[in-house]
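The values are calculated or read from the model by the stated rules, or taken from the named source; none is laboratory data. If you're wondering where the values come from, they're calculated on a predicted model, not measured in any experiment. Using ideal geometry, Cβ is built from the backbone for each residue, glycine included, and neighbour counts are taken over all protein chains shown. Each accessible area value is taken on the protein alone, full model and side chains, heavy atoms only, with ligands, DNA and RNA left out. Shrake-Rupley method; radii C 1.70, N 1.55, O 1.52, S 1.80 Å.
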Amino acid sequence: MNVIVIMLDSLRPDHLGFYGNEWIKTPNLDRFAGESTVFERAYAEGLPTLPVRTALFTGMYTLMRRGWQHLEPEDVTLAEVLWSRGYDSALISDTAPMHWPRMAYERGFDHVEFIRGQLTDPYVSDPKIRVDLSKWSRKNYLTDKDREDFVQYLKNRASWRGEEDHFIARVVKAGIDWLREMAERGKCDRIFLWLDAFDPHEPWDPPEHYYRLYEVKDYDGPPIINPSIYGEGGGSIKNFSEQEIRHIRAQYAGEVTLVDKWIGIFLEEVKELGFWENSLIILLSDHGEPLGEHGIIRKVRPWPYEELSRIVLAVHHPEGIGRGRRVETFVQTVDVPPTILDFLGISEDRDYAKVSLQTQGASLKSLIEGEIEWIRDFAIAGFYRRSWSIRNEEYSFYLWSLEDADEHINATTKGNERRTPELYRIDRDFMPPRPERWHVGEEAERENIIEDNRDLASELEASLRRELKVIK
């Protein structure tokens with residue numbers, strides 16, 4: 001059996017049809033989910049981009065061990081385990097931080113292809129290329145640092161002429177090319193593809209007609225595709241009018257639909273090439289994205305609220321196992337590697353030529369097969385040495401400082417920002433409204449109720465500390 005993982009960065013579940021959204025067009029992802037097992041309560045644990053991928057590659061929690069950093073020499077990765085057992089593997093990605101020097105996320109893959117140009121990637125350095133900033137809102141760059149980063153990104157995309165030049169299209173086409181090569185070589189079994197697309201991560205600049213699907217009709221300003229996170233109040237909605245936030249939300253929605261189209265193209269090619277009938281396909285995101293909730297734009301602040309911590313997770317088995325099943329138990333990113341190995345029948349092997357994965361996660365195979373319904377009563381999430389959270393069936397609890405982390409908290413928060421614990425009752429039925437109907441304060445966790453629920457908060461904090469101690 002083959003394994004294909006489709007990783008989408010910053011994709012919120014509540015912006016997909018199969019998770020209940022009725023206004024964003026995602027027909028291809030919805031169709032895939034209908035033929036898969038969908039996990040309703042999947043959460044990232046260590047945030048954001050690189051810690052999540054570390055957990056996914058190693059099956060080990062990162063929250064109490066490490067933050068944004070490279071893979072360590074002692075790490076054993078999923079790709080290395082499969083390589084040692086004869087799998088042909090590929091990592092195809094435009095996720096720029098994975099390609100930064102020393103990061104080493106390509107370890108264990110036979111074929112590695114990075115699509116250059118995302119974010120501040122110093123990809124285009126030609127001084128002859130000029131950028132006209134007058135076409136863009138000043139809210140994209142409130143500081144000199146912002147301006148420098150934004151100009152680099154615009155230079156990287158200066159040669160674009162159409163939709164197929166966008167990053168998601170290029171990642172998909174590269175993935176298809178590799179699958180075609182495998183098919184031509186007669187390799188239709190024992191392949192492992194990790195397709196890591198950075199979209200719908202910001203900058204949110206889909207082709208115009210995707211944005212027009214969701215545009216705010218009375219917004220007449222220049223585009224805001226990369227809301228500024230630096231400077232005074234960076235990443236705060238205080239820097240944006242409500243109309244601008246609605247515009248930003250429309251840009252994000254357009255990017256989601258763009259991603260849906262191209263993942264649909266990829267999945268159709270998987271079928272056309274004959275891989276669908278013999279591939280375990282996992283669709284997931286690394287985290288969500290704050291779009292005005294809790295006063296935050298983008299994930300600039302280490303606050304792992306629901307809109308950031310909850311992830312997309314759907315698993316398609318080639319024999320139809322688990323088709324149409326919806327799983328409500330809490331699952332985490334560390335559960336993905338043992339699930340893959342379990343379905344492949346790979347366990348610890350003492351053969352010196354083979355390596356094994358020592359995971360802290362739980363295999364989801366029995367959940368997908370319907371043999372069990374529950375594996376844990378809560379999920380944790382946070383930023384290394386900066387914030388921690390735990391959520392159960394009804395509540396989410398946030399803790400901003402532990403005994404050994406005060407200096408880090410002080411270094412990353414402003415004097416007027418709260419660092420006291422927070423407790424919310426989660427509205428799990430909440431769905432974000434269309435941009436033109438959105439108002440500040442519309443979110444799944446609306447009111448901090450800790451003052452009237454101190455005993456409950458203490459219980460959740462004790463549970464959180466016990467769990468963090470276990471995984472440390």
TODO: Filter the trypsin sites (Lys or Arg not before Pro) in the stretch 161-215 down to the DSSP loop ones having no more than 10 other Cβ atoms within 10 Å, then list what survives.
DONE: Arg161, Arg185
Task: Whole-angstrom gap from the stretch 26-64 to the stretch 328-345, using each part's C-alpha centre - done: 10
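What number, rounded to the nearest 500 deg cm²/dmol, is the helix-based mean residue ellipticity at 222 nm of the chain, given -39500 (n - 2.57) per DSSP H run of at least four residues and division by all its residues?
Per the formula, -8500 deg cm²/dmol.
Within a Cβ distance under 11 Å of His99, other residues only, what is the Lys/Arg minus Asp/Glu net charge?
Numbers: positive: Arg102, Arg116; negative: Asp94, Glu106, Glu113, Asp121, Asp196.
Here the count lands on -3.
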TODO: Please quote Rg/Rh for the stretch 235-378 to two decimal places, taking the Kirkwood radius as Rh and restricting both calculations to Cα atoms.
DONE: 1.05
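Given +1 on the Cβ of Lys and Arg, -1 on the Cβ of Asp and Glu, and no further charges, what dipole in debye does the stretch 1-147 carry about its Cα centre, rounded to the nearest 20? Kindly include the intermediate steps, with their values, before the conclusion.
Numbers: 18 positive and 21 negative charges, 130 e Å.
Using only the charged Cβ atoms, the result is roughly 620 debye.
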Task: Alpha-carbon centroids, the stretch 203-222 and the stretch 139-184: separation in whole Å - done: 19
Task: Dipole-positive endmost among His70, Leu91, Thr58 within the stretch 1-104 (Cβ charges, Cα centre) - done: His70
TODO: Give me the distance in nm between label points sitting 7 Å out from Cα along the Cα-to-Cβ direction at Asn453 and Gln358, one decimal.
DONE: 3.8
Task: Long-range amide H partners of Ile296 with built H, under 5 Å - done: Ile237
Open item on the list: For the pair Ile372/Val124, report the inter-label distance in nm, with labels modelled 7 Å from Cα in the Cβ direction.
Closed with: 5.1
Task: Value of D in µm² per second that Stokes-Einstein yields for the stretch 1-95, Kirkwood Rh from Cα pairs, at 4 °C (1.567 mPa s) - done: 83
Task: Taking the convex hull of Cα positions in the chain, its mean projected area over all directions (nm²) - done: 22.2
- [ ] State the extension gain, in nm to one decimal, for the chain segment bounded by Lys145 and Asp342, taking 0.36 nm per residue of separation less the distance between their alpha-carbons.
- [x] 66.3 nm
- [ ] State the answer as a single residue: which of Pro101, Ala174, Trp160 lies farthest towards the positive end of the charge dipole of the stretch 91-188, with beta carbon charges of +1 for Lys and Arg and -1 for Asp and Glu, about the Cα centre.
- [x] Trp160
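About the Cα centre of the chain, how large is the charge dipole given +1 on each Lys and Arg Cβ and -1 on each Asp and Glu Cβ? Please answer in debye to the nearest 20.
Details: 61 positive and 84 negative charges, 173 e Å.
I would put it at about 840 debye.
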Open item on the list: Among the complete DSSP H segments of the chain, which ones combine at least 27 Å of alpha-carbon extent along their axis with a mean Kyte-Doolittle hydropathy of -1.0 or more?
Closed with: 242-272
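Counting other C-beta atoms within 10 Å, and keeping those with at most 13, which DSSP coil trypsin sites (Lys or Arg not before Pro) do you find in the stretch 323-395?
Numbers: sites: Arg323, Arg325, Arg326, Arg350, Lys354, Lys365, Arg376, Arg385, Arg386, Arg391; in loops: Arg323, Arg325, Arg350, Lys354, Arg376, Arg385, Arg386.
Counting only loop positions with at most 13 other Cβ atoms within 10 Å, the trypsin sites (Lys or Arg not before Pro) in the stretch 323-395 are Arg323, Arg350.
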Task: Across Lys135/Lys238; Lys145/Lys238; Lys128/Lys217; Lys139/Lys469; Lys173/Lys238; Lys261/Lys469, pairs whose alpha-carbon gap is larger than 31 Å - done: Lys128/Lys217; Lys139/Lys469; Lys173/Lys238; Lys261/Lys469
Task: the stretch 10-17 - phi-based ³J(HN,Hα) in whole Hz, Karplus 6.51/-1.76/1.60, Gly and Pro as x - done: 6, 8, 7, x, 6, 10, 10, x
Open item on the list: Within 14 Å, Cβ to Cβ, of Phe192, how many net charges do the neighbouring residues add up to if Lys/Arg are +1 and Asp/Glu are -1?
Closed with: -2
Open item on the list: For Ser84, what residues show an amide H to amide H distance below 5 Å, using hydrogens built from the backbone and excluding near sequence neighbours?
Closed with: Val355
Open item on the list: Taking amide H atoms as placed 1.01 Å from N in the peptide plane, list the residues 5 or more away in sequence, or in a different chain, whose amide H sits under 5 Å from that of Ile311.
Closed with: Ala42, Tyr43, Ala44
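Please report, as a whole percent, how much of the solvent-accessible surface of the chain comes from carbon and sulfur atoms (probe radius 1.4 Å). Don't jump to the answer; show the numbers that get you there.
Details: 8620 of 19020 Å².
Looking at the chain in its full context, I get 45 percent from C and S.
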TODO: Taking chymotrypsin sites (Phe, Trp or Tyr not before Pro) as candidate sites, keep only those in a DSSP loop with at most 12 other Cβ atoms within 10 Å, then name the longest stretch of the chain containing none of them.
DONE: 1-351
